[in-house]
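Before any comments, here is the structure.
The values are calculated or read from the model by the stated rules, or taken from the named source; none is laboratory data. This is a predicted model, so every value here is computed, not measured. Backbone-built Cβ (ideal geometry, glycine too); neighbour counts: all protein chains shown. What goes into the accessible areas is simple: the full protein's heavy atoms, side chains included, and nothing from ligands, DNA or RNA. Shrake-Rupley method; radii C 1.70, N 1.55, O 1.52, S 1.80 Å.
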Amino acid sequence: MKWKTQIHNLKSYQPGKTMDDVKEQFNLDKVVKLASNENPFGCSPAVKEYLADHALSHAIYPDGYAKELREGTARFLGVEPGQLLFGNGSDEVIEIIARALLSSETNTVMAVPTFPQYKHNALVEGAEIREIPLKGDGTHDLDAMLSAIDADTSVVWLCSPNNPTGEYIRKSELVAFLDAVPQHVLVVLDEAYYEYVVAGDYYQSIDLLPHYPQLLITRTFSKAYGLAGFRVGYGVASTEVIGKLEPIREPFNNNALGQGAALAALADQAFIEKCKEENRRGLQQYYDFCEEKGLKYFPSQANFILIDFGVSGDEVFQFLMSKGYIVRSGEALGIPNTVRVTVGSAEQNDEVISRMKEFLGARLTQ
Ligand SMILES: *Cc1c(COP(=O)(O)O)cnc(C)c1O
């Protein structure tokens, strides 16, 4: 068969072990998953009410235009409904952008390490990939990214806060970057963790849209909104950019329950505010632990933290998993000797931190 040559070496996504797998393997009663940056507090009670009231007629297609969710989100953001593109998760928005703009005749610029789906989709489309290493402090090297852009560059991917470092792009740097990027380049700004940001010099990206027609922002209901299982994310850009992307989208890409759940979740901003505060307290637990043990870490604007243990992240990961705590090894994420831990509830954080202390103690006495 005539497969695209660039897909020969692609691997399918390796999902982490499920909680049931780990329970069985290590004979544990309880397993805590702190590996995928899901919300430890679940989602707004408003979503549960919505779901209880909507025993759906499952034979009917969902609204392909996601009209109610679209209008609700547009109102919430202060943009026009035509400035939004809804995806089956923001993952799908990334895929749609790649399908529309990337080919073997183009190149695309991104940081490394960053969220892997930019590169994955660029590979499928056969585009040349230009990966620009993060700076030592875990931030994007925007000057180097700018230098990598040429006449064939189609898309630049920025992730802020960046997964897996949790670091963010400062407002002045973003504005200087956007001022310098040529008009033929789409700049995708992935703000999957936007709701958790507290930094004073973070930008309000939506306010930048009217000034930068080549900017597209992605956000998601999967993280702070606690709806990862429903798969709802979106892109926001000018009506011209969205108008080009909309025809690429599958007609019924967002299911009916997901649309309703997302709209209900959006209305409960008090829940988001509470989660944001809990998350800061949780991060502080990890900061205190790292300071006490002299471990390097990346200050985070997201709901996860990347900690340098000075030994292979796989080793830390294996030890924690055997005790019932699933985290992500930095080896797989491209930052050796680290693990990425999702900030859990205060109790979960305490528990995993005491296991980390156990790990460090066991290494010292070896
Ligand atoms: C989790 C994540 C996403 C994907 O989220 P979905 O909306 O669930 O597809 C996108 N970008 C980053 C940086 C993420 O961490």
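Can you tell me the dipole magnitude for region 173-225 around its Cα centre, using point charges on the Cβ only (Lys, Arg +1; Asp, Glu -1), in Debye to the nearest 20?
180 debye
Shape verdict for region 23-113, please, from the Cα gyration tensor: rounded (a/c under 1.5), prolate (a/b greater than b/c) or oblate.
Working: a/c = 2.05, a/b = 1.13, b/c = 1.81.
Oblate.
Leaving ligands, DNA and RNA out of it, report the carbon-plus-sulfur percent of the accessible area of region 45-267 at a 1.4 Å probe.
Taking all protein chains in place, region 45-267 shows 53 percent carbon and sulfur surface.
Using the crude model of +1 on Lys and Arg Cβ and -1 on Asp and Glu Cβ, and no other charge, please compute the dipole size for the chain relative to its Cα centre, in debye to 20.
Details: 34 positive and 49 negative charges, 119 e Å.
The dipole magnitude comes to about 580 debye.
Which residue fluctuates the most in the chain, going by a Gaussian network model with Cα springs under 10 Å, if the choices are 27, 121, 337?
27
Would you work out which of 120, 107, 52 lies farthest towards the positive end of the dipole of region 45-267? Charges go on Cβ: Lys and Arg +1, Asp and Glu -1.
Positive-end residue among those listed: 52.
As I understand it, the dipole of region 131-253 uses +1 on the Cβ of Lys and Arg and -1 on the Cβ of Asp and Glu, about the Cα centre. Which of 211, 157, 247 lies farthest toward its positive end?
Farthest towards the positive pole: 247.
Could you identify which residue out of 94, 129, 326 has the top mean-square fluctuation in a GNM of the chain using Cα springs shorter than 10 Å?
Fluctuation is largest for 129.
Please give the peptides 40-47, 80-87, 259-266 ranked by average Cβ packing (other Cβ atoms within 10 Å per residue), highest first, as a rough proxy for protection.
Ranking the peptides 40-47, 80-87, 259-266 by packing returns 259-266, 80-87, 40-47.
Lysine pairs in region 45-267 with alpha-carbon atoms under 30 Å apart, 8 or more places apart or on different chains: how many are there?
13
With every protein chain present, what is the per residue accessible area of region 1-61 (1.4 Å probe, Å²)?
On a per-residue basis, region 1-61 sits at 82 Å².
Going by Cα centres, region 176-209 and region 5-42 are how many Å apart?
30 Å
In percent, how large is the relative contact order of the chain, given Cα pairs closer than 8 Å and 6 or more residues apart?
23 percent
Work out the charge dipole of the chain with +1 on the Cβ of Lys and Arg and -1 on the Cβ of Asp and Glu about the Cα centre, then indicate which of 32, 297, 261 is farthest towards its positive end.
32
Kindly write out, for region 124-141 in residue order, the coupling ³J(HN,Hα) from the Karplus curve 6.51 cos²θ - 1.76 cosθ + 1.60 (θ = phi - 60°), rounded to whole Hz, with x marking Gly and Pro.
Along region 124-141, the couplings run 4, 7, x, 7, 6, 9, 10, 9, 10, x, 4, 6, x, 8, x, 9, 5, 8 Hz.
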